[in-house]
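Just so you know, all these numbers are worked out from the coordinates, no wet-lab data involved. None of the values given here were measured: they were computed from a predicted structure. Glycine gets a Cβ as well: all are built from the backbone with ideal geometry, and neighbour counts include every protein chain shown.
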Amino acid sequence: MINYSLIEKNKNKIINFGVIILVLIIALQFHRSANDRISLLVQQQNNELEKNKVIEDIAALEKKAEAYKKVFVKKDLASIMNVITGIAKDTSIKILSVKPYAEEALNNYLNSSFLITLNAPSYHALGDFISKIENNKDIYLVSEVTINSAVSNSEATGANADLEVSLKINTIAYL
């Protein structure tokens, strides 16, 4: 049956073997617990890095918004007309009249509109004028264009028939 003499003889080896197994089980539990904490910390670190990236993106957008606020400043009609008159001289356009409209407040912006009546020697000159207005460093948007021939059709046989044009131009200013 049970050989007590063999157990008595190997008593120290059996105790040592039991202690080693117990130590290995405890070490394995510590290792699992440490790995769980490490993966939790890595996940928290990734979340914080993601939050930092979002905060950096928001800061960059705020800087861009501030830059746009500087671009969208309210300009008086005289400075607007100086720019448009300069463009008109460059493109051989004659400005006949300017009619400002009431300003519209839209959310955080102020939309100023005015109607310009002008004479253009050709469609090419008109297109060049509109292109230079819309590509100006200041923000000008041409929203309406009405074109009429300045002379009647029976007299339009000559190549110098001017075009009478009405343009509605908008400017935007940040409130």
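Which value in deg cm²/dmol, rounded to the nearest 500, describes the helix-derived mean residue ellipticity at 222 nm for the chain, given -39,500 (n - 2.57) per DSSP H run of n ≥ 4 and division by the residue count? Please report the intermediate quantities before stating the final value.
On the way: 4 runs with 93 residues, N = 175.
Helix-only estimate at 222 nm: -18500 deg cm²/dmol.
Hey, with R₀ at 35 Å, roughly what FRET efficiency would Ile26 and Ile2 work out to, going by the Cβ-Cβ distance, to 0.05?
Working from the Cβ atoms, E equals 0.75.
Given the options Ile147, Ile80, Ile15, state which has the largest fluctuation in a GNM of the chain using a 10 Å cut-off (strictly under) for Cα springs.
Largest GNM mean-square fluctuation: Ile15.
Hey, in the GNM for the chain with a 10 angstrom Cα cutoff, which one of Asn119, Asn47, Asn16 fluctuates hardest?
In the Gaussian network model the winner is Asn16.
Taking 0.36 nm per residue of sequence separation and subtracting the Cα-Cα distance, how much length would be gained by fully extending the chain between Asn46 and Ile58, in nm to one decimal?
On the way: separation 12, 0.36 × 12 = 4.32 nm, distance 1.84 nm.
Gain on stretching Asn46 to Ile58: 2.5 nm.
Take the chain, connect every pair of alpha-carbon atoms lying under 10 Å apart with a spring to form a Gaussian network, then pick out the residue of Asn12, Asn108, Asn136 with the largest mean-square fluctuation.
Asn12
Just the projected area, averaged over all directions, of the convex hull on the alpha carbon atoms of the chain: how many nm²? Write out the running numbers ahead of the final one.
Values: hull surface 92.4 nm².
Its average projected convex-hull area is 23.1 nm².
Give me the one-decimal nm value for the distance between modelled label points at Glu104 and Ser92, 7 Å along each residue's Cα-to-Cβ direction.
Here the modelled spin labels are 3.6 nm apart.
With everything on Cα atoms, drop me the angle between helix 77-90 and the longest principal axis of the chain, reported from 0 to 90° to the nearest 10.
Value to nearest ten degrees: 70.
With the contact rule set at Cα under 8 Å and sequence spacing of 6 or more, what percent relative contact order holds for the chain? Please report the intermediate quantities before stating the final value.
Details: 184 pairs, mean separation 35.8, N = 175.
Once divided by the residue count of the chain, the mean separation gives 20 percent.
Stretch Glu66-Glu144 to full length: gain in nm at 0.36 nm per residue minus the Cα-Cα span?
Details: separation 78, 0.36 × 78 = 28.08 nm, distance 2.99 nm.
Separation in residues times 0.36 nm, less the Cα-Cα distance, equals 25.1 nm.
Just to be sure I follow: if Rg is taken over the C-alpha atoms of the stretch 4-70 and Rh is the Kirkwood radius over the same atoms, what is Rg/Rh?
Working: Rg = 28.8 Å, Rh = 17.2 Å.
When Rh is taken as the Kirkwood radius, the ratio is 1.68.
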